[in-house]
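Asks: Below: one structure in structure tokens.
The values are calculated or read from the model by the stated rules, or taken from the named source; none is laboratory data. The shown structure was predicted, so the numbers you read here are calculated from the model rather than taken from an experiment. Here the Cβ positions follow ideal geometry from the backbone for every residue, glycine too, while neighbour counts run over all protein chains shown. Keep in mind that these areas ignore ligands, DNA and RNA; they rest on the heavy atoms of the full protein, side chains included. Shrake-Rupley method; radii C 1.70, N 1.55, O 1.52, S 1.80 Å.
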Amino acid sequence: MQPSSTEAAEALAAMRASQARLAQAADCPPERHLAFAALMGGIIATPVLPFPYALLAEGLLLLGVGLVIRWDRRRTGMFINGYRAGRTRPLTFVLVAVIVILYMAGVWLVRDRGIWWAPLVTGTVAAGVGYYFSTVWQRIFRREMGLDA
């Protein structure tokens with residue numbers, strides 16, 4: 001049995017309404033973007049610390065990731081993974097590449113060149129990049145869900 005055109009139209013309307021609700025839920029406040037930026041910057045800045053403290057700081061930052069996920073779930077009822085299929089995925093891969101390059105630069109500068117403060121600079125840059133990418137990711141996602149952001 002094939003659905004009627006009315007049933008198909010109703011199903012399509014329900015899907016679009018669901019996407020619109022998802023896009024509305026994905027409207028993050030600035031402090032959510034700041035939290036993401038702080039996590040990105042913190043991870044990149046950890047090589048400034050001596051070994052056991054850097055490891056501790058990285059563990060605390062990973063705990064921070066879990067807290068952001070929990071925050072999203074409490075605020076919206078869900079967590080939208082950055083690696084999801086769709087138009088946001090290429091942006092996520094670019095962000096990962098930029099963050100890895102900044103991390104490697106910071107490690108190289110502190111370990112091989114002895115510039116102890118370099119990870120603080122690369123971490124600050126990473127925080128700015130993280131905030132920017134977070135806001136752009138949100139805009140792309142909301143547009144993809146049919147809501148002009």
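Asks: Rounded to the nearest 500, what is the 222 nm mean residue ellipticity of the chain from helices alone, with -39500 (n - 2.57) per DSSP H run of 4+ residues and division by all residues?
Replies: The per-residue figure over the chain is -26500 deg cm²/dmol.
Asks: Averaged per residue, what accessible area in Å² does the chain show with a 1.4 Å probe, protein chains only?
Replies: 63
Asks: Quick one: length gained pulling VAL100 to ALA8 fully straight, 0.36 nm per residue minus the C-alpha distance?
Replies: Working it through step by step, the gained length comes to 28.5 nm.
Asks: Please compute the alpha carbon radius of gyration of region 23-149, then divide it by the globular-protein estimate 2.2 N^0.38 Å. Two decimals is fine.
Replies: 1.13
Asks: Another question about this same structure. With the contact rule set at Cα under 8 Å and sequence spacing of 6 or more, what percent relative contact order holds for the chain?
Replies: Averaging sequence separation for qualifying contacts and normalising by length gives 40 percent for the chain.
Asks: So, with a 1.4 angstrom probe, what is the percent of accessible area on the chain that is carbon and sulfur?
Replies: C and S fraction of accessible area: 67 percent.
Asks: Could I ask something else about it? 7 Å from Cα along Cα→Cβ at both LEU63 and ASP27: what's the point-to-point distance in nm?
Replies: Placing both labels 7 Å beyond Cα along the Cβ direction yields 3.4 nm.
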